[in-house]
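First comes the structure, then the notes that go with it.
The values are calculated or read from the model by the stated rules, or taken from the named source; none is laboratory data. Nothing here was measured: the structure is a model prediction, and the numbers come from that model. Ideal geometry is used to build each Cβ from the backbone, glycine not excepted, and the neighbour counts take in all protein chains shown.
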Amino acid sequence: MRRTPEGEVSDAIPSGFNVRTRVHEYGGGAYIVDGETIFFSNFQDQRLYRRDAGRPPVAITPEPSTPAAWRYADGVMTPGGRSIVCVRESHGRDEVVNELVALPPDGSAPPRVLVSGSDFYAYPRISPDGRTLAWISWDHPRMPWDGTELWVASLSPEGALGEPRLVAGGPEESIFQPEWSADGVLHFVSDRTGWWNLYRRAGEEDEALAPMDAEFGTPLWMFGSSTYGFLEDGRVACAFQRDGIPRLGLLRPGTGAVVELDTDLVLAGPPMLRSRGTELVFVGGNPTEAPAVVSLDVESGAVEFLARSMRRQIDRGYISVPRAIDFPTDDGATAHALFHPPANGDVEVPTDELPPLIVMSHGGPTGNADSSLDPRIQFWTSRGLAVVDVNYGGSSGYGRAYRERLRGRWGEVDTVDCLNAARHLAEVGEVDGTRLAIRGGSAGGYTTLCALAFHDLFAAGASYFGVADAELLAKDTHKFESRYLDGLIGPYPEQAELYRARSPIHAADRISCPVILFQGLEDEVVPPSQAEEMVAALERNGIAYAYLAFEGEQHGFRRAETIRRTLEAELYFYSRVFGFEPAEDLEPVEIRNL
């Protein structure tokens, strides 16, 4: 979409196109804006297109012999507009190759390889004078939050690259978001101290701009992720998380301190912070505002909502504002979560009854739960159920050591932290300890199924396309995640027995409480056979269950009707298991063995 300074909103891309790249499968960085011209990756064929104002899009990259085999992301324009430099992912018959390439913006020549040899690349960034290219790279079995390398090389006016030089990073240091300031100084985020802090390259030395126990970076799931930007006076606007709380601040290099902005808005979802003059533009929200495209002037404090994700705001009386909690967990550690108590302004809370609790285990597992308004959570809290969104060991936002609590222990640390979050809330009298449920999707579904198969705390569970067979996931997934489980469980196939021991599909006979499972029938990440095997075991053992499968849905439900149906079906399921009467009429769900 395009929005003029006068507030007029229109389609920047005509119908029939879908701006989305499949590089790394998670995408991001799918377009470049150069004046009135937009360059973008089209989802269907994965080619790059150029769209000049008032003209139809024109493909500027060759059509591969195999559809969508050449994919592009994270592009930047060289000063003067002579070339686009971007990541290209090539899918051949036997392998996937990632490289940095350059191509003319008019499509007059095919892409030319600039850098190759590593498994992955991101953040090609060109200095303001056009003479230096910076980028990051990493290799299997590391993920970008494990260890990346920051490189620079001279760039000639003709586009020739000089000898690359390593300036930061390594196997145990994660580099995030290299950027050049207007005066040509290279900045980047590094977790070399155990925390993702902001640095700038001063000669041959790195200067920490604000050393602190806080996270100025996030896991690089999507291209184009950005947590800082430069203002016209040289200050750096930055988003960071400290003590589990997201914040926005301003940093003047040389002072060593960040001054927090007086705003209740913070970045929401994958971080996308852009700056110009004294203005910040980002996708932001807070516990009472759904994510929106926001403009914030750091001098005047003026805020303008440019585009909202929800047409209608939720009445504040129905919103449960979360509070951050810390609780003891195994091995003497402390884990973190966001607790959402029930909230409904039309209903008086019973004084003689504690609410049921839903434990939410986020996906990733290298991700985190944030405090931005999530209607899916408010669905539960407005109906009298409490929710705890657990940032189990392995979650981001609490430093490298906390992320690495999950190393080699996926299915154990995450699961136990979810159990202990529920126990803690029951012990302090916030929830009914006899009516505990756990739910999650994908990796969160794996944690959910592990909690149900290997423990007996919960009275019910809900798995959304949950990973039931870790071994199958290790055998067959896309390149970006193909070695992810090396760090989470162990090398495969050397540790095949451990994979089987950690897979709920091999312990389904141990599940003793009711379970509802949701599955997309076109899911290639977690195929329907995994859910079907879990269902067969539940039927064999006479355990109450419901199973809803959806045609046309893949790994992650997209259709509004599917999302609504699954939430209402899950609520109906809990009402039958926990013995309460929903306020609305719900379409029944067949629950076997209840």
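A few remarks follow.
- Residue pairs meeting the criteria (Cβ under 6 Å; at least 6 apart or on separate chains; first farther than 17 Å from residue 324 by Cβ, in segment 406-433; second of a type outside the set (A, V, I, L, M, F, W, C) and outside any loop (DSSP other than H, G, I, E, B)): 407/487; 413/405; 414/447; 415/447; 416/330
- Lone unmet requirement of (1) closer than 23 Å to residue 159 by Cα; (2) touching a strand residue (DSSP E or B) at 6+ places or on another chain (Cβ under 6 Å); (3) small (Gly, Ala, Ser) for residue 10: (1)
- Of the residues in segment 129-136, none is in contact (Cβ under 8 Å) with a residue 60 or more places away in the chain and not aliphatic (A, V, I, L, M).
- Note on segment 513-544: among residues that are under 24 Å from the mean Cα position of the chain (by Cα) and assigned to a loop (DSSP other than H, G, I, E, B), the one that is nearest to residue 462 (Cα to Cα) is 526.
- Out of 273, 265, 261, sole residue that is touching a Gly at 6+ places or on another chain (Cβ under 7 Å), of a type outside the set (S, T, N, Q), assigned by TED's automatic domain parsing to the domain that holds residue 298 and under 29 Å from residue 171 (Cβ atoms): 273
To keep it simple, each residue is scored yes or no on (1) among the acidic types (Asp, Glu); (2) within 26 Å of residue 146 (Cβ to Cβ); (3) crowded, with 21+ Cβ neighbours inside 10 Å.
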| residue | (1), (2), (3) |
| --- | --- |
| 372 | no, no, yes |
| 382 | no, no, yes |
| 392 | no, yes, yes |
| 400 | no, yes, no |
| 430 | yes, no, no |
| 446 | no, yes, yes |
| 468 | no, yes, yes |
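- Residue 166 fulfils the conditions (1) at pLDDT 95 or above; (2) farther than 25 Å from residue 269 by Cα; (3) part of a loop (DSSP other than H, G, I, E, B) except for a single criterion, (3).
- Among residues that are in contact with a Pro (Cβ under 6 Å, 6 or more places away or on another chain) and buried (at least 19 other Cβ atoms within 10 Å of the Cβ), residue 31 is not included.
- Taking segment 38-156 as the region of interest, none of the strands (runs of 3 or more DSSP E) fully inside it holds 3 or more residues being of a type in the set (Asp, Glu).
- If you filter segment 552-574 down to residues that are among the acidic types (Asp, Glu) and under 15 Å from residue 463 (Cβ atoms), you find that the one that is surrounded by the most Cβ atoms within 10 Å (Cβ to Cβ) is 570.
- Residues satisfying the stated conditions in segment 54-106, i.e. in contact with an Asp or Glu (Cβ under 8 Å, 6 or more places away or on another chain) and among the polar types (S, T, N, Q): 90, 98
- Counting only helices (runs of 4 or more DSSP H) that fall entirely inside segment 431-512 and contain at least 2 residues that are among the hydroxyl-bearing types (Ser, Thr, Tyr), the qualifying elements are 443-454.
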